[in-house]
Structure formats: structure tokens, C-alpha cells
Amino acid sequence: QSIKIAVKFNHSILIFQNRDSVKHFKHLNIMNNKTKYIITKGSGVDLNFFKPKIKKKKSYNVLLASRMVWEKGVKEFFEAYKIINKKKLNINFILAGRVDKDSPSAINLKHLKEMNSNKNKNFKWIGFQKNIKKIINYSDLIVLPSYHEGALKILLEAAACGKPIVASNINGCRE
């Protein structure tokens with residue numbers, strides 16, 4: 001509501017990280033052709049901190065790092081794990097991120113613990129990680145099967161670490 005008020009009186013410049021969000025705001029009639037806005041090229045990543053690290057290991061690790069809400073593609077990530085697990089491949093699926101209790105699409109802690117149970121030996125939810133660079137460098141592939149995004153720092157950090165990324169073909173991820 002405050003955005004609508006600020007835009008209505010032309011007292012602000014809106015900052016977006018992708019063109020799809022601009023279109024969305026226009027579609028919702030939050031802004032019009034006179035509204036001032038700029039589009040940035042993302043949040044940026046410290047390339048001196050996030051950089052490739054070569055390691056040798058026997059297993060392959062796939063990481064999904066995000067808030068624990070369904071629209072980040074957690075269900076699809078777990079379904080991919082089940083398909084790979086049936087083929088008995090040595091691939092570990094790592095889910096990292098905090099439970100977002102304030103979101104209406106928050107994943108129930110009980111459900112996360114169930115996915116994390118011993119019956120799913122190559123699937124691990126590790127919760128919030130303060131040192132995400134360590135987890136990125138431990139991983140071989142970073143995925144984000146999200147339904148919608150603004151701009152994702154995890155993808156920038158993974159790319160800066162030289163990791164391949166697979167993400168949904170949606171705004172935010174494309175940028």
C-alpha cells in the first residue's frame with residue numbers, strides 16, 4: 001500500500017532487478033508510464049570471497065539453498081532425489097535454508113524432518129547455514145527450481161565459485 005501512495009504522488013524512484021517486475025507493477029496498476037524507475041543489474045557478489053575451489057571426492061552433491069517455502073521448488077527437488085535414488089547413483093541432495101514461519105507457503109518443520117529421515121539416506125536438510133560459501137564449494141551443482149524470483153544471490157555466488165547452476169526459466173533467475 002505504501003508503494004502505491006509513494007508512486008501516486010511521484011515522490012519516489014522505484015528500483016527493480018529485472019524487467020518482468022516492472023511489467024508486473026504496471027499490470028497491477030501500481031505504476032504508470034510517468035512513474036520513475038531504474039533497473040539494476042543484480043545485487044553483486046564479492047569475487048575475492050566467492051571463487052572456485054577445486055576438490056576431489058567420490059560422490060556428487062546437488063544443492064538447493066533458499067528459504068524453506070514451497071515456491072522455491074523444494075517439492076520438485078525432493079522428487080528429483082527420489083528418481084535419482086531409485087537408480088542407485090552416488091548423488092547426494094542437500095537442502096539448505098531456514099524455515100520461513102511468516103510465509104503462508106512455509107514448509108512445516110515436521111515435513112522437513114520427514115524428508116531428512118534415515119530412509120532418505122542421500123537427502124539431507126541442513127537448515128540455515130551461516131557459511132554458504134563452504135556449502136557451495138562442497139557442492140557440484142546448484143539448482144533453483146523456483147516458481148518466481150526477484151534476483152537470486154545464491155545463483156550469483158555459485159557462479160562466482162565456478163559451479164554450474166540449473167534454475168527455472170523465470171524472471172530473476174534469467175537475469
Among the strands (runs of 3 or more DSSP E) contained in segment 63-175, which hold 1 or more residues that are under 24 Å from Phe50 (Cα atoms) and open to solvent by 70 Å² or more (accessible area, probe 1.4 Å)?
-> 123-127, 165-167
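Okay, residues lined up against (1) under 17 Å from the mean Cα position of the chain (by Cα); (2) β-branched (Val, Ile, Thr); (3) modelled with pLDDT under 90:
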residue	(1), (2), (3)
Asn85	no, no, no
Leu89	no, no, yes
Val99	yes, yes, no
Asn118	no, no, yes
Lys121	no, no, yes
Ile135	yes, yes, no
Val143	yes, yes, no
Looking at Leu63, is it among the aliphatic types (A, V, I, L, M), touching a residue at least 40 places away in the same chain (Cβ under 8 Å) and more than 19 Å from Ala160 (Cβ to Cβ)?
-> no
Going through (1) among the polar types (S, T, N, Q); (2) free of Cβ contacts under 8 Å to residues at least 24 places away in the same chain; (3) surrounded by 10 or more Cβ atoms within 10 Å (Cβ to Cβ) one by one, Asn33 fails only at (3)
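The values are calculated or read from the model by the stated rules, or taken from the named source; none is laboratory data. No experiment lies behind these values; they were computed from the predicted model shown. No Cβ is skipped: glycine too gets one built from the backbone with ideal geometry, and neighbour counts run over all protein chains shown. Ligands, DNA and RNA are stripped out before the accessible areas are found, and what is left, the full protein with its side chains, is counted by its heavy atoms. Shrake-Rupley method; radii C 1.70, N 1.55, O 1.52, S 1.80 Å.
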